[in-house]
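The values are calculated or read from the model by the stated rules, or taken from the named source; none is laboratory data. Nothing here was measured: the structure is a model prediction, and the numbers come from that model. Ideal geometry is used to build each Cβ from the backbone, glycine not excepted, and the neighbour counts take in all protein chains shown. Surface accessibility is based on the protein's heavy atoms, side chains included, excluding ligands, DNA and RNA. Shrake-Rupley method; radii C 1.70, N 1.55, O 1.52, S 1.80 Å.
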Amino acid sequence: MECVNGTVVKEFVFLGFSTLAELQLLLFIVFLLLYVFTLGTNAVIISTIVLDRALHTPMYFFLSVLSCSETCYTFVIVPKMLVDLLARKKSISFLGCAIQMFAFLFLGCSHSFLLAAMGYDRYVAICHPLRYTVLMGHRVCGGLVAAACVCGFTVAQIITALVFHLPFQASSQLHHFFCDIAPVLKSACHHAHFTQITIFLLCALVLVIPLLLIWASYVHIISAILQFPSTLGRYKAFSTCASHLIVVVVHYGCASFIYLRPKSNYSSSQDALISVSYTILTPLFNPVIYSLRNKEFKSALHRVIGRTVTLRQC
């Protein structure tokens, strides 16, 4: 294949669903319904947290930020994917691909650090309940979210710059449905070991450091819960952490499989399947896991709906 400078390449062609040509209309309908439901549930979560003062706590503040992040995360990938399912030529410009990768990495990396901040919030709530309002004030919560965004922005900027400064084939095809790291790297003519190692180490740091922080938080949390005198108290404490743990397992499990396995085990079909789970299904399940099963949130939602109905009647 002819190699050209990366700035000359005009577009990439997606081949992610090319083997499912007969099912693309069905996939479009299914993914569209899931996407609309995800947007709707996240909108309900954010508006309920904003409108009900009982939910103006650090835990729900982080949850609202998580919902905003996931809404933006799906917006970066899913609308383009839906358009491509109906289009004959499934392509994206060189600049568009770079922007999509940067936005995807920025939101994904920030998501990892945000989950670590939520783990710290649960640690303070259970291990230091009397000092919770002091240790988790507005400035601390805002600072944790800002730190997560700065870390995500920095990592995304470095990886995107490393990838798109490579020479690409004149006709670049991606065996994927969006501009993820592995398929774009695979379409490059060649890339130095330094680039591969740097990207791998950055991905590892983004996954391992937050995961270690979450692990440390839960070691202290479990130790504190086991010392509670009543079974009911232990159950309530565990229930406040269960949702966070489920999301952590799903997020880090999928991300570790995609970004931390050896290059020799790369499979475009497996990556596309796993990517569907964390770009469409995980953002769909997270609102259900975190909020729609939460009694406190459901009570707040009923209050917000009741006030809205009353105001309309007046």
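Would you be so kind as to identify which of ALA147, LEU311, PHE194 lies farthest towards the positive end of the dipole of the chain, taking Lys and Arg as +1 and Asp and Glu as -1 on Cβ and the Cα centre as origin?
Toward the positive end, the furthest listed residue is LEU311.
Compute the helix-to-body angle for 24-51: its Cα long axis versus the longest principal axis of the chain, expressed 0 to 90° and rounded to tens.
Long axis of 24-51 versus the principal axis of the chain: about 30 degrees.
Quick one: compute a quarter of the convex hull surface over the Cα atoms of region 137-185 and quote it in nm².
Values: hull surface 17.7 nm².
Averaging across all directions leaves 4.4 nm² for the Cα convex hull.
Ignoring ligands, DNA and RNA, what percent of the 1.4 Å accessible area of the chain is carbon and sulfur?
Values: 11490 of 16210 Å².
The value for the chain is 71 percent carbon and sulfur by accessible area.
Find the all-direction average of the projected area of the Cα convex hull for region 36-158, expressing the result in square nanometres with one decimal place.
Result: 9.0 nm².
Check GLU11: other-chain or 5+ apart residues with amide H under 5 Å from its amide H, H built from backbone geometry?
Correct list: PHE94.
Just the number please: accessible area per residue for the chain, 1.4 Å probe, all protein chains included, in Å².
Details: 16210 Å² over 314 residues.
Heavy-atom SASA per residue in the chain reads 52 Å².
Hey, what did the chain get for relative contact order, percent, Cα under 8 Å, at least 6 apart?
Numbers: 338 pairs, mean separation 90.3, N = 314.
Worked out over the chain, it gives 29 percent.
Scaled to the compact-protein estimate 2.2 N^0.38 Å, what is the alpha-carbon radius of gyration of the chain, rounded to two decimal places?
Values: Rg = 21.5 Å, N = 314, 2.2 N^0.38 = 19.6 Å.
Dividing the Cα radius of gyration by 2.2 N^0.38 Å gives 1.10.
Figure the gain on full extension for SER91 and SER299 (residue separation times 0.36 nm, minus the Cα-Cα span) and round it to one decimal in nm.
Values: separation 208, 0.36 × 208 = 74.88 nm, distance 4.59 nm.
Gain in length upon complete extension: 70.3 nm.
What is the helix-to-structure angle for 231-259, meaning the angle in degrees between its Cα long axis and the longest Cα principal axis of the chain, kept from 0 to 90 and rounded to the nearest 10?
That helix lies at roughly 10 degrees to the long axis.
For the Cα atoms of the chain, what angle does the longest principal axis make with the long axis of helix 94-127, in degrees from 0 to 90, nearest 10?
For helix 94-127, the angle is close to 20 degrees.
Give the lysines whose C-alpha is closer than 23 Å to that of LYS236, dropping any in the same chain fewer than 8 places away, or say none.
LYS295, LYS298
Which residues' amide hydrogens lie under 5 Å from the amide hydrogen of SER91, considering only partners 5 or more residues apart or on another chain, with H built in the peptide plane?
Here PHE14 satisfy the definition.
Apply the Karplus parameterisation 6.51 cos²θ - 1.76 cosθ + 1.60, with θ equal to phi minus 60°, to every residue of region 59-68 and state each ³J(HN,Hα) to the nearest whole Hz, in sequence, with x for glycine and proline.
4, 7, 4, 4, 5, 5, 5, 4, 5, 4
Could you order peptides 52-65, 150-163 by the average number of other Cβ atoms within 10 Å of their residues, highest first? Mind showing how you got there, number by number?
Working: 52-65: 19.6, 150-163: 18.0.
The most tightly packed comes first, giving 52-65, 150-163.
Go ahead and estimate [θ] at 222 nm for the chain from helices alone: -39,500 (n - 2.57) per DSSP H run with n ≥ 4, summed, over the residue count, rounded to 500. Walk me through the intermediate numbers first.
Numbers: 11 runs with 226 residues, N = 314.
It lands at -25000 deg cm²/dmol.
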